[in-house]
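Take a look at the structure set out below.
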Amino acid sequence: MALTKLTFDNRFINTLPSDKQEENNQRQVHHAAFSLVSPTKVSNPQLIAVSEDLALMLGFTKEDIKSEQFSQTFSGNTLMDGMQSYAMCYGGHQFGHWAGQLGDGRAINLGEVVTNNNGHQTLQLKGAGPTPYSRTADGLAVLRSSIREFLCSEAMFHLGISTTRALSLSLTGEQVMRDMFYDGHNKNEPGAVVCRVSKSFMRFGSFQLPAQRGDIELLKAMAEHSISSDFPHLLGDTKVFNKQVYLNWFSAICQSTCEMIVNWQRVGFVHGVMNTDNMSILGETIDYGPYGWIDNFDLNWTPNTTDANGKRYRFGAQAEIGQWNLFQLANAIFPLISDAKPLEELLNGYARKYQTLWHEMMLSKIGLRKSELSNKSNGSSPDADDEKLLLELEEILSLIDTDMTIFYRQLAKLPMISASAKQEQWMAIFADCYYQIEQANEQYRQKMSDWLTCYINRFEQDEITFQQHVLLMNQTNPKYVLRNYLAQQAIELAEQGDFTEITRLQALLKYPYQEQIGFEQYANKRPSWAENKAGCSMLSCSS
Ligand code: AMP
Ligand code: MG
């Protein structure tokens, strides 16, 4: 049975210059945005998970998903009519250092589907074999990292956070050799391919590479392509690319990057490798590698063992790193603008915007509305008082091991009357969120009681009703997130051929803010066996 015919309009390769060489060998590619390359055929494709709603959005039917053709296509064995496969050329800063050409070393784009209601959507296989950008690596991906990418990108989408999506997860039938912790312990692991979907896979590094090479013609072509395809509203009727259009484009990128990172902080997501080649020009969460979710609230935590010393990409540094990355992008597009001042202003604007959005987001987490009162009698501004309240809370959460996700859901259960600030009352409500209850010493208890007293006073001044307060919190604070140990359990079962846990997590994480009967244990805090276990608290870039 043939798949439903989709319409492809491959704008990226039809508009931008192609690599002239046709062989698929590793090389430096100049004056080109991509190289045409075919996915490597695999011996025994097996589709093990699919996002049905995404498949339908793209124009497939439920029958398509079940067909042999679907699994052949999304493991890289066949191309549909209209597909034309290619790998993109880009560079990037890795861990603060310019790394030169990187590119799609193991991602192969299949083309751009024209959808009914969601514009052009690019399909991209991750783990489909070597490309000219593979450098010394094999272009493949293993099952564990593919499960993590598949589940997490879909979980992020359902949390309402801007992200690339995942259509399918397939086993290839091949074995792939990996040294998980780069310590000489090579192991064969099952090979897998994920099909990712986004309007655009252009990264900050897509503009950095031509800029670094002084290839202004290519830089300009890339920027024009990005704007015409994904920011067409920035172009007036005249369709002229002038300084103001480029600045508005950069401003939009600052805005979406800022919103994305505020959302990461809201749910406790740590990307782990915020290199500039992993920053989407659309402000989408992209490249799910050694990411992790905060269990106990800790601004210094990073899941990435490669970054264990410097902790450059720790939870509490993500906003700052976002700005550092935007600064690199500003440098790259400078030749199109030739004026540093407005770029600097936009970068400063990012920092101010982040502060405002973070403040609003945190107030929502504790179920309060932004203060409308102008000035209080003591002269301090209500915003400054709120800021103090929010920062104090983060400080208290850091004092002892407190589960972030559970804490905020439990906070919504506090009756919000002055008696709730008494130890015996709040302790009963928060008991579940502590990893070691004995850490809650007298000093801690006093701090928490004092904070709750201020919080309840502030709530009483807010015009919000108790019901609205609870609703706001439960819409802001997810009950279920893809805790690192949950993903790891699904991985260990899948490695033994049991894929049911993947399907269960996928279904659960579609409704992360809702209580789900029978799934309560998925909201439990990290069990002690997972505290220092590989895959649960420690991850590497090896995938
Ligand atoms: P990442 O840290 O995953 O963003 O990867 C950095 C660069 O290395 C990108 O250009 C990737 O495409 C490339 N890369 C990562 N893993 C592989 C692999 N197994 N084979 C080929 N290229 C890879
Ligand atoms: Mg990457």
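The values are calculated or read from the model by the stated rules, or taken from the named source; none is laboratory data. None of the values given here were measured: they were computed from a predicted structure. As a convention, Cβ positions derive from the backbone with ideal geometry for all residues, glycine included, and neighbour counts pool all protein chains shown. Heads up: the accessible areas ignore ligands, DNA and RNA and are worked out on the full protein's heavy atoms, side chains in. Shrake-Rupley method; radii C 1.70, N 1.55, O 1.52, S 1.80 Å.
Things worth noting here:
- Residue check for residue 257: in contact (Cβ under 8 Å) with a residue 60 or more places away in the chain, hydroxyl-bearing (Ser, Thr, Tyr) and within 14 Å of ligand 1 (Cβ to nearest atom): no
- Residue 153 being of a type in the set (Ser, Thr, Tyr), more than 22 Å from residue 12 (Cβ to Cβ), within 14 Å of ligand 2 (Cβ to nearest atom) and at pLDDT 95 or above: no
- Taking the stretch 337-360 as the range and being open to solvent by less than 80 Å² (accessible area, probe 1.4 Å), more than 30 Å from residue 371 (Cα to Cα) and of a type outside the set (Gly, Ala, Ser) as the test, the residues that pass are 337, 339, 342, 343.
- One residue stands out in the stretch 1-14 among those that are farther than 30 Å from residue 190 by Cβ and of a type in the set (Val, Ile, Thr): the one that is most open to solvent (accessible area, probe 1.4 Å), namely 7.
- Of all the numbered requirements in (1) within 30 Å of residue 160 (Cβ to Cβ); (2) over 20 Å from the mean Cα position of the chain (by Cα), residue 213 misses one, and that requirement is (1).
- Residue list for the stretch 285-336, restricted to those being open to solvent by less than 50 Å² (accessible area, probe 1.4 Å), of a type outside the set (A, V, I, L, M), more than 14 Å from ligand 1 (Cβ to nearest atom) and within 30 Å of residue 120 (Cβ to Cβ): 318, 322, 328
- Of the residues making up the stretch 103-135, those that are more than 8 Å from ligand 1 (Cβ to nearest atom) and farther than 30 Å from residue 266 by Cβ number 12.
- Filtered by the rule that a residue be of a type in the set (Ser, Thr, Tyr) and open to solvent by less than 40 Å² (accessible area, probe 1.4 Å), the stretch 15-57 gives 18, 35, 51.
- For the stretch 100-113, taking the residues that are more than 11 Å from ligand 2 (Cβ to nearest atom) and in contact with a helix residue (DSSP H, G or I) (Cβ under 9 Å, 6 or more places away or on another chain), the one that is farthest from residue 38 (Cα to Cα) is identified as 100.
- Checked against (1) away from ligand 1 (no atom under 16 Å from the Cβ); (2) open to solvent by 10 Å² or more (accessible area, probe 1.4 Å); (3) part of a strand (DSSP E or B), residue 170 passes all but a single condition, namely (2).
- Restricting attention to the stretch 93-114 and to residues that are touching a Lys or Arg at 6+ places or on another chain (Cβ under 8 Å) and exposed (fewer than 15 other Cβ atoms within 10 Å of the Cβ), the residue that is farthest from residue 136 (Cα to Cα) turns out to be 96.
- Unique residue being within 16 Å of ligand 2 (Cβ to nearest atom), basic (Lys, Arg), more than 21 Å from residue 83 (Cβ to Cβ) and not in a loop (DSSP other than H, G, I, E, B) when the list is 135, 148, 196: 148
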